[in-house]
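The values are calculated or read from the model by the stated rules, or taken from the named source; none is laboratory data. None of the values given here were measured: they were computed from a predicted structure. Just so you know, the surface numbers come from the protein's heavy atoms only, side chains and all, with ligands and any DNA or RNA stripped out. Shrake-Rupley method; radii C 1.70, N 1.55, O 1.52, S 1.80 Å.
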Amino acid sequence: MGIEVGGLLGLIWLLIVIWAIVKVAKSSAGGISKLLWILVLLFFPFIGLLIWLLLGPKG
């Protein structure tokens, strides 16, 4: 049962990170800014998502 819960939480986390990347890509931020945010989200998923939620492009 622990493996299923871990797998489900991992899937949910992956969906949240993908959602954040899509939001960054659709934002009005500049191209370099978008690229940097996407790289941060890909290479540092947990910390990157927290930073993006606090400081990321709004809009």
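For the reader, a short list of remarks on this structure follows.
- Its Cα gyration tensor gives segment 2-59 an equivalent ellipsoid. The semi-axes, each the square root of 5 times an eigenvalue, are 24, 10, 9 Å from largest down.
- Only helices enter this figure: runs of n ≥ 4 DSSP H residues, each worth -39500 (n - 2.57), summed and divided by the residues of the chain, yield -27500 deg cm²/dmol at 222 nm to the nearest 500.
- Kyte-Doolittle mean at least 0.5, axial Cα span of 30 Å or more - DSSP H helices of the chain: 2-26
- Expressed as a whole percent, the accessible surface of segment 1-55 that belongs to carbon and sulfur atoms is 83, based on a 1.4 Å probe.
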